[in-house]
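What follows is a single structure, written as structure tokens, with notes after it.
The values are calculated or read from the model by the stated rules, or taken from the named source; none is laboratory data. What you are looking at is a predicted structure, and each value in this text was computed from that prediction instead of being measured. Neighbour counts are summed over all protein chains in view; Cβ atoms, including those assigned to glycine, are modelled from backbone coordinates with ideal geometry.
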Amino acid sequence: MRILVTGGAGFLGSHLCERLLSDGHDVICVDNFYTGTKENIMHLMANPKFEVMRHDVTFPLYVEVDQIYNLACPASPVHYQSDPVQTTKTSVHGAINMLGLAKRTGARILQASTSEVYGDPEVHPQTEDYWGRVNPIGIRSCYDEGKRCAETLFFDYWRQHNVEIKVMRIFNTYGPRMHPNDGRVVSNFIVQALRGEDITIYGDGSQTRSFCYVDDLIDGMVQFMNSPAEFTGPLNVGNPVEFTISALAEKAIQMVGGSSKIVFKDLPSDDPKQRQPDISLARKELNWEPKVGLEQGLAKTVSYFRQVLA
Ligand code: NAD
Ligand code: UDP
């Protein structure tokens, strides 16, 4: 197949491009390099089945493809909050443009949605039928509401235009090729520990997240895309083992070694207090389940950052 990956030069996108090429597909990677880098995809450039286009998904795109993975959107709070209007445009105009492309070409399209659609949840763990608790006017809203609106557009294109959709709610995922300045917690803690800097916990560290290693996530994504057409999702994909942010900080220090101390900073507003995916649906429909535990995944990520920082 010829497959379009938007956001293909980003953290998840670059792993997805690599996986699709190794499965024998032609891959078109579209990216505006806002948070993605050429380094992430440099090793794929020599492959004649790989093509890169610098393009912003808020503008229409005309290519002929069989499948579309729509990943374009900054995912780290620091980056999506630095140009919030563009973040909403990327999710909403980007979804409209990519859904339009899917409609014209008859391509199946997968949306990289997020656990953020649940906001600061009162239901724990989060199941797909939970509607969420999202602040519509806060500093995270450009991302959360943008992604929620994108989900709406996906389901309306499905109901109204019969576009084959897959809506995947991704929970916190980490691994090699996160940018050292990405700003998300796993890369921050590892990079800080490797540099011997203070480990910055926002708030008191009692908030929780559940961390999925990138290879598990990409397996789930490709399996979901190729599942029967009637299975649209939304589908949670993530690792259900939940940790406090304090426990993650201690683990990072223990794994990296060195002399870093923990310091506490203000908790950003609307920071969700707890998060854990209920993955019963993914288990049932895809027979998917994460295989890589936190220790093992962190070890691979630490060795990646050791190389990058050296
Ligand atoms: P990332 O920031 O590394 O990648 C996003 C990519 O999209 C970058 O290459 C960036 O340059 C590109 N991009 C941004 N705006 C664009 C635009 N207007 N046009 C074209 N390209 C654009 O983040 P990631 O972690 O790889 O996330 C990929 C997708 O998965 C995002 O949609 C994100 O919301 C979603 N997601 C990720 C996680 C996670 O934990 N990694 C969790 C939930 C959802
Ligand atoms: N966080 C932290 N220190 C950091 C970066 C993040 O304590 O240096 C916290 C953040 O406040 C949040 C959690 O870690 O409670 C996860 O943050 P991240 O930005 O990785 O993802 P998200 O909040 O979108 O799940």
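Can you tell me which residues in segment 198-211 are near ligand 2 (Cβ under 7 Å from one of its atoms) and either closer than 9 Å to residue 265 by Cβ or more than 22 Å from the chain's Cα centre (by Cα) (or both)? Within segment 198-211, 200, 201, 202, 203, 205 meet the criteria. Looking at this structure, is residue 143 touching a strand residue (DSSP E or B) at 6+ places or on another chain (Cβ under 9 Å), in contact (Cβ under 8 Å) with a residue 24 or more places away in the chain and surrounded by fewer than 22 Cβ atoms within 10 Å (Cβ to Cβ)? No: the conditions fail for residue 143.
Scan segment 4-28 for residues that are crowded, with 24+ Cβ neighbours inside 10 Å, more than 16 Å from the chain's Cα centre (by Cα) and free of Cβ contacts under 8 Å to residues at least 40 places away in the same chain and the total you get is 1. Within segment 61-79, the set of residues being of a type outside the set (A, V, I, L, M, F, W, C), in a loop (DSSP other than H, G, I, E, B) and more than 11 Å from ligand 1 (Cβ to nearest atom) comprises 62, 64, 66.
Pairing each residue of segment 177-197 that is within 11 Å of ligand 2 (Cβ to nearest atom) with any residue that is part of a loop (DSSP other than H, G, I, E, B) and acidic (Asp, Glu), provided the two are 6+ apart or on different chains, yields C-beta distances under 9 Å for 188/182; 191/182; 191/197; 192/198.
If you go through segment 146-177 and pick out every residue that is within 13 Å of ligand 1 (Cβ to nearest atom) and among the acidic types (Asp, Glu), you end up with 1. Please enumerate the residues belonging to segment 136-181 that are within 30 Å of residue 294 (Cβ to Cβ) and in a loop (DSSP other than H, G, I, E, B). Matches in segment 136-181: 138, 139, 140, 171, 172, 175, 176, 177, 178, 179, 180, 181.
Among the residues of segment 85-112, those that are in contact with a helix residue (DSSP H, G or I) (Cβ under 6 Å, 6 or more places away or on another chain) and not in a helix (DSSP H, G or I) comprise 109, 110, 111. Annotation for segment 118-135: at least one member residue is touching a strand residue (DSSP E or B) at 6+ places or on another chain (Cβ under 7 Å) and either under 23 Å from residue 63 (Cα atoms) or part of a helix (DSSP H, G or I) (or both). Against the conditions (1) more than 29 Å from residue 307 (Cα to Cα); (2) within 21 Å of the chain's Cα centre (by Cα), residue 181 satisfies every one except (1). Cβ separations smaller than 8 Å between residues 6+ apart or across chains give the following pairs from segment 106-126 residues that are more than 15 Å from residue 96 (Cα to Cα) to residues that are hydroxyl-bearing (Ser, Thr, Tyr): 114/143; 116/143; 118/130; 121/130; 123/130; 126/115; 126/118. Number of residues in segment 49-60 that are surrounded by 15 or more Cβ atoms within 10 Å (Cβ to Cβ), free of Cβ contacts under 8 Å to residues at least 40 places away in the same chain and within 10 Å of ligand 1 (Cβ to nearest atom) equals 3.
Looking at segment 188-290, none of the helices (runs of 4 or more DSSP H) lying wholly inside it contains 3 or more residues that are hydroxyl-bearing (Ser, Thr, Tyr) and at pLDDT 95 or above. Identify, please: which residue in segment 150-176 is buried (at least 23 other Cβ atoms within 10 Å of the Cβ) and among the charged types (D, E, K, R) and is, among those, farthest from the chain's Cα centre (by Cα)? Filtering segment 150-176 for residues that are buried (at least 23 other Cβ atoms within 10 Å of the Cβ) and among the charged types (D, E, K, R), the one farthest from the chain's Cα centre (by Cα) comes out as 166.
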